[in-house]
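The values are calculated or read from the model by the stated rules, or taken from the named source; none is laboratory data. The model shown is predicted, which means the values in this text are computed figures rather than measured ones. FYI the Cβ positions are ideal-geometry reconstructions off the backbone, even for glycines, and counts take in every protein chain you see.
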Ligand SMILES: C[S@@+](CC[C@H](N)C(=O)[O-])C[C@H]1O[C@@H](n2cnc3c(N)ncnc32)[C@H](O)[C@@H]1O
């Protein structure tokens, strides 16, 4: 099932929240209604990191629809959100098809839906939304998908916030001679078709998304939101490094020995408590004038 992805999403949640652009989130929040429930659509929710990050930053009350193709990841969302809420003094209760999170200044109804987000994007998902959002998604989708997304947001008049799109940059300390070669192979691999409308936009996703939203009449702002992860985040770094190696071998099956040698050297730096990594991401916000 999705055990490996669920663990990856758990490991990256703190690094994601540390990296995300709070100013962009606030600029979007300032454009949302305060006199009626804010209706939010979160695309490819996974286990709910984007919900937990944004819930306390948006006006309340809120009504979220969270969609993902993975029933297993959506099942974990309740558990992870309950633990998060308990640590902040919020109450969580199950409701039909989701959960409700309540606190002294927070009232949030969360509905989940298992859905494949391949094209065409259903108009019904977007109708009446004030905000369409996603995190760690855009690099998986195609240009055609981004064009369709911008069109749906335009029709519904929704603002948009897309966090943590991988932008093709990464660097390690201490460096290894093959770091750049492996990164180049990863970036080629990123363009493979992920089932979201064709070959993925990959590292250029945030730029392509910006062009699509500008073409649809939106004002756009973006911000670099790089991970900077140190020796303390050993498990996250390990998964990132192993993921790089796996993608590199898939891209160059004939270079398995060289990739394995690179992996061994990188993991030795990690085991020695020496390894640091930066990974380039971008957040993108978009809104229509007058909102
Ligand atoms: C990198 S994860 C990001 C999850 C979450 N947004 C976060 O930031 O933790 C990508 C998510 O996209 C979902 N996904 C991939 N392809 C999909 C598709 N065709 N339809 C719906 N969800 C999809 C995966 O199940 C996964 O939850």
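Evaluate segment 232-242: report whether one residue or more is modelled with pLDDT of 95 or more and closer than 21 Å to residue 133 by Cα. No, segment 232-242 contains no residue that is modelled with pLDDT of 95 or more and closer than 21 Å to residue 133 by Cα.
Across segment 1-33, the number of residues qualifying as within 14 Å of residue 49 (Cβ to Cβ) and either touching a strand residue (DSSP E or B) at 6+ places or on another chain (Cβ under 9 Å) or away from the ligand (no atom under 11 Å from the Cβ) (or both) comes to 9. Selection over segment 170-205 of residues that are closer than 15 Å to residue 136 by Cα and within 15 Å of the ligand (Cβ to nearest atom) gives a count of 8. Cβ-Cβ contacts under 9 Å between residues 6 or more apart (or on different chains), taken from a first residue in segment 64-80 that is over 13 Å from residue 117 (Cα atoms) and in a helix (DSSP H, G or I) to a second residue that is within 9 Å of the ligand (Cβ to nearest atom) and modelled with pLDDT under 95, are listed as 71/2; 72/2; 73/2; 76/2. Say we look at segment 88-141 and pick out the residues that are loosely packed, with under 15 Cβ neighbours inside 10 Å and at positive phi; which of these is nearest to the ligand (Cβ to nearest atom)? Applying the filter and picking the extreme gives 97.
Output the number of residues of segment 170-191 satisfying the condition of being in a helix (DSSP H, G or I) and surrounded by fewer than 17 Cβ atoms within 10 Å (Cβ to Cβ). Step through it out loud before you land on a result.
First, pick out the residues of segment 170-191 that are in a helix (DSSP H, G or I): 179-189.
Now restrict to residues that are surrounded by fewer than 17 Cβ atoms within 10 Å (Cβ to Cβ): 180-181, 184, 188.
Looking only at that region, the number is 4.
Would you check if residue 226 is modelled with pLDDT of 95 or more and within 16 Å of the ligand (Cβ to nearest atom)? When the stated conditions are applied, residue 226 passes them. A Cβ distance below 7 Å, combined with a sequence gap of six or more or placement on separate chains, defines the contacts here; from segment 115-128, residues that are without any contact (Cβ under 8 Å) to a residue 60 or more places away in the chain reach residues that are outside any loop (DSSP other than H, G, I, E, B) and within 16 Å of the ligand (Cβ to nearest atom) in the pairs 115/67; 120/148; 121/148; 121/149; 121/152; 123/152. Evaluation of residue 167 against the conditions (1) in contact with a helix residue (DSSP H, G or I) (Cβ under 8 Å, 6 or more places away or on another chain); (2) in a helix (DSSP H, G or I); (3) within 15 Å of the ligand (Cβ to nearest atom) shows that the sole unmet condition is (2).
Filter segment 142-164 for residues that are assigned to a helix (DSSP H, G or I) and closer than 24 Å to residue 226 by Cα; which is nearest to the ligand (Cβ to nearest atom)?
Going residue by residue through segment 142-164, those that are assigned to a helix (DSSP H, G or I) are 143-156.
Those still in the list that are closer than 24 Å to residue 226 by Cα too: 143, 146.
Details: 143: 16, 146: 14 Å.
The selected residue is 146.
The set of residues in segment 256-290 that are free of Cβ contacts under 8 Å to residues at least 12 places away in the same chain and either in contact with a strand residue (DSSP E or B) (Cβ under 7 Å, 6 or more places away or on another chain) or not in a helix (DSSP H, G or I) (or both) comprises 272, 290. Exactly one residue out of 244, 236 is assigned to a helix (DSSP H, G or I), touching a strand residue (DSSP E or B) at 6+ places or on another chain (Cβ under 7 Å) and within 16 Å of the ligand (Cβ to nearest atom): that is 236.
Among the residues of segment 38-59, those identified as over 18 Å from the mean Cα position of the chain (by Cα) and either touching a residue at least 40 places away in the same chain (Cβ under 8 Å) or assigned to a strand (DSSP E or B) (or both) are 38, 39.
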